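> A single structure is presented below for examination.
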Amino acid sequence: MFTAKQFRAKATESAESLKQTDDPSKIREFQRSKASFTALAENEDWLANNFDKIIRSQDIHPRDDGTGNPDAGGSVAKTEEHILRCLGAAVIMQWNTIPTKLQRELFDTAGSMGDVLKSAALRAQIARFLHRHKDDEESPADCASNPSVAKGTPRGT
């Protein structure tokens, strides 16, 4: 795991590399890397400054839906699954702007989730999914309004 200081160092490194090139594709790559690392550093700072305000899964209790009735889907597992789906969708929507090294780390981490004996199959599924969607240019609003994307199912089904 990186610290905010390490992310800032990578952002500075990207900024320095940006000064050394005239190649438009490299310029865009370094600009994206710098912006990504700067955002990651800011996120780390925010997490450090707001750690005491973060809701932890063990702190979540079934809530009401605002009408005084118990939340129909109030289980912690359902809440966490929804949160993970939202985070996953956000990562996929930004995938092309994420630095390649971080993409690899995310892929490796995701591919190692669950049963060790099935990790190769999971990695293959993730690779196929990423390949199928590598050129998608949907906006976040498009993804949010498309139930197949929100549920993680292919668009053709």
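The values are calculated or read from the model by the stated rules, or taken from the named source; none is laboratory data. Since the structure is predicted, the reported quantities are computational estimates derived from the model, not experimental observations. For neighbour counting, all protein chains shown are included, and Cβ atoms are generated from backbone atoms with ideal geometry for every residue, glycine included. Keep in mind that these areas ignore ligands, DNA and RNA; they rest on the heavy atoms of the full protein, side chains included. Shrake-Rupley method; radii C 1.70, N 1.55, O 1.52, S 1.80 Å.
> Considering (1) modelled with pLDDT under 90; (2) closer than 17 Å to Gln103 by Cβ, say which one Glu29 fails and leave the rest.
(1)
> On to the next question. Check Ala48 against each of (1) part of a helix (DSSP H, G or I); (2) at pLDDT below 90; (3) open to solvent by 90 Å² or more (accessible area, probe 1.4 Å) and name the one condition it does not meet.
(3)
> Need pairs with beta-carbon distance below 8 Å; first residue open to solvent by 60 Å² or more (accessible area, probe 1.4 Å) and within the range 2-28, second small (Gly, Ala, Ser); sequence gap 6+ or separate chains.
Lys5/Ala41; Arg8/Ala41; Lys26/Ser17
> Please work out if Ile60 is modelled with pLDDT under 75, of a type in the set (A, V, I, L, M) and open to solvent by less than 80 Å² (accessible area, probe 1.4 Å).
So Ile60 fits the description; yes.
> Name the one entry in Ala35, Ala4 that is at pLDDT below 90 and under 19 Å from the mean Cα position of the chain (by Cα).
Ala4
> Taking interchain pairs and intrachain pairs at least six residues apart, which have beta carbon atoms under 9 angstrom, with the first residue in the range 95-119 and of a type outside the set (Lys, Arg) and open to solvent by less than 70 Å² (accessible area, probe 1.4 Å) and the second at pLDDT 85 or above and not in a helix (DSSP H, G or I)?
Qualifying pairs under 9 Å: Leu106/Ile98.
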